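**Q** Next up is a structure, given as structure tokens.
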Amino acid sequence: MSPCQLRRLAAISCLLLSVEARADELQNSLVQAMRATQPDAYAFQRTMAFERTGASRKVFVERFDPRRPADQRWSLVSVDGHAPSDKEIDQSRKTKRGPTPSYHELAEWFGAPATRSDSAPGYATYRFSRLPAGVVKIGSHDASADTQAEAVVNMKGKTPFVERVRFLSNKSFRMMLVASVQSMDVSARYAPLPNGAIIPAGSSSVMKGSMLGKSGQITTLVTFSGFESVR
């Protein structure tokens, strides 16, 4: 190998090391910002639209208010554009919703090993070949190890933030003995408020599979609005 080729190889190696260092630094700073986000700092409204093969579309509007007692923080506002019935309110109160939707949730997995590419000006994309255990749970099934993730970081402003996230899994599994899930595709969006805080803006998901041998899919669209600081 000629001296010129050696110098070129050395330059390429230094460039690759520099890219890796910047990627690690950005990843760490983003995780710190996520962890600093308070999930209960805002009251907000969530609209969820569900479509299932063979069933009519359903739209639920809920309100989250962290100032209320823990078991009353979520309240059902409407169902298909109408005031909810007593039965629907009771069912809503018994629903297990999991963690409060927030930018804070991303800290659970964003620090995992990933590859970075800077394909568009002002953006960086991180790709994760698998997620840490417990991140993607569907019923009692943990699909994390079989789920790939992609996170797009917006670096155009003073403070970078994760603008879009996508989870994708094509590993089938069974639920409750009678249901089979073949694939899952989930996308989420985040946006800054005027004060710089990052909040969830919306999400969409498509889950394909079968129930009692009949194929179908469930599509969910979620939007967030009416954010109100409570601190």
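The values are calculated or read from the model by the stated rules, or taken from the named source; none is laboratory data. This is a predicted model, so every value here is computed, not measured. We place every Cβ from the backbone using ideal geometry, glycine too, and count neighbours over all the protein chains shown. Ligands, DNA and RNA are stripped out before the accessible areas are found, and what is left, the full protein with its side chains, is counted by its heavy atoms. Shrake-Rupley method; radii C 1.70, N 1.55, O 1.52, S 1.80 Å.
**Q** Looking at segment 50-65, is at least one residue within 21 Å of the chain's Cα centre (by Cα), open to solvent by 40 Å² or more (accessible area, probe 1.4 Å) and closer than 15 Å to P99 by Cα?
**A** The answer is yes; a qualifying residue exists.
**Q** If you don't mind, another one. So, of the residues in segment 79-105 that are assigned to a loop (DSSP other than H, G, I, E, B) and farther than 25 Å from D146 by Cα, which turns out to be most open to solvent (accessible area, probe 1.4 Å)? Spell out the reasoning first.
**A** Filtering segment 79-105 down to residues assigned to a loop (DSSP other than H, G, I, E, B) leaves 80-81, 83-85, 95-102.
Still in the running and farther than 25 Å from D146 by Cα: 80-81, 83-85, 95.
Working: D80: 63, G81: 68, A83: 87, P84: 26, S85: 50, T95: 71 Å².
Among those that are assigned to a loop (DSSP other than H, G, I, E, B) and farther than 25 Å from D146 by Cα, it is A83.
**Q** Follow-up. Failed condition for D71, given (1) modelled with pLDDT under 95; (2) outside any helix (DSSP H, G or I); (3) of a type outside the set (G, A, S), with all others met?
**A** (2)
**Q** Same structure, new question: Among the residues of segment 207-224, which ones are under 20 Å from F60 (Cβ atoms) and open to solvent by 50 Å² or more (accessible area, probe 1.4 Å)?
**A** Result: M207, Q217, I218, L221, T223.
**Q** Identify, from the list A55, A49, A43, the residue that is assigned to a loop (DSSP other than H, G, I, E, B) and of a type in the set (A, V, I, L, M, F, W, C).
**A** Numbers: A49 fails: assigned to a loop (DSSP other than H, G, I, E, B); A43 fails: assigned to a loop (DSSP other than H, G, I, E, B).
Within the list A55, A49, A43, the selection yields A55.
**Q** For segment 116-154, what are the residues that are in a loop (DSSP other than H, G, I, E, B), of a type outside the set (V, I, T) and open to solvent by 20 Å² or more (accessible area, probe 1.4 Å)? Don't jump to the end; show me each part of the working.
**A** In the first step, residues of segment 116-154 are kept if they are in a loop (DSSP other than H, G, I, E, B); the result is 118-122, 129-136, 139-140, 143, 147.
Of the ones still in play, those that are also of a type outside the set (V, I, T) are 118-122, 129-134, 139-140, 143.
Correct list: D118, S119, A120, P121, G122, S129, R130, P132, A133, G134, G139, S140.
**Q** Looking only at segment 106-115, filter to residues that are open to solvent by less than 60 Å² (accessible area, probe 1.4 Å) and outside any loop (DSSP other than H, G, I, E, B); which one of those is nearest to F64 (Cα to Cα)? If you could, list the steps in order and put the result at the bottom.
**A** Applying the first criterion (open to solvent by less than 60 Å² (accessible area, probe 1.4 Å)) to segment 106-115 yields 106-107, 109-112, 114.
Retained after the next criterion (residues that are outside any loop (DSSP other than H, G, I, E, B)): 106-107.
Values: L106: 20, A107: 22 Å.
In this case the residue turns out to be L106.
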